[in-house]
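Asks: There's a structure below that I have some questions on.
Just so it is clear, none of the values below were taken in a lab; they were calculated from the coordinates. The structure presented is a predicted model; accordingly, all values stated were derived computationally and were not measured.
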Amino acid sequence: MKKLNLAGFGRRQVTLLSLVVLIAVAGYINLTQKDEEVVPASGGAVITDTPQQTAQPDDYFSLSRYERDKSRSAAMAVYREVVSNKDSGKEAKDAAQASLTAAAAAMEAETVIEGLIRAKGFEEALVYINADSASVVVKTIGLTPAQAAQIKDLVKENANISAEKTKIIEIK
């Protein structure tokens with residue numbers, strides 16, 4: 001029996017490889033399981049699957065949330081690589097670390113704001129936060145000025161982005 005030679009791999013590479021394998025397994029399980037329960041990312045109550053609540057493959061919010069998370073994960077992987085690379089300069093490492101911190105804060109704020117918007121009675125919401133602006137996509141029949149003000153207040157309170165820098169997009 002041959003012994004596995006890990007001389008070329010460091011502790012971080014093994015950890016990264018393990019995480020990639022775990023994510024791949026989780027994705028496979030997710031694709032092969034029947035959608036019996038939907039658990040909101042915001043940690044809300046469990047919603048039993050009914051025909052009206054089944055996410056369709058072309059569901060805008062599900063696909064957009066997936067694409068947002070996928071692209072952000074790819075960017076964060078690049079930032080982590082720069083931070084962990086011993087050949088990276090101090091300025092590059094500092095910039096990458098700042099970008100990682102900003103991305104993590106944006107992800108947390110987006111999740112919180114999306115949950116709060118749904119708590120205000122909207123069926124679905126998707127939030128994109130950039131360095132100094134935010135875009136909020138809301139599923140609604142019609143948005144009143146008071147509702148728009150509520151959404152902008154939620155963004156201001158949770159992401160510290162002014163109402164002038166917050167754009168609300170309605171999807172019916």
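Asks: If eta is 0.692 mPa s and T is 37 °C, what Stokes-Einstein diffusion coefficient results for region 49-150, Kirkwood Rh from Cα pairs, in µm²/s?
Replies: It comes out at roughly 207 µm²/s.
Asks: Something else: Among the listed pairs Lys93/Lys152; Lys93/Lys139; Lys70/Lys93; Lys139/Lys165, which have their C-alpha atoms separated by more than 28 angstrom in this model?
Replies: Lys93/Lys152; Lys93/Lys139
Asks: Could you give the length gained by full extension between Ala103 and Lys70, i.e. 0.36 nm per residue of separation minus their alpha carbon distance, to one decimal place?
Replies: That works out to 10.6 nm of additional length.
Asks: Taking the Cα atoms of region 96-136, what is the range of coordinates along each of the three principal axes, in descending order and whole Å?
Replies: The principal-axis extents, from largest down, are 38, 15, 10 Å.
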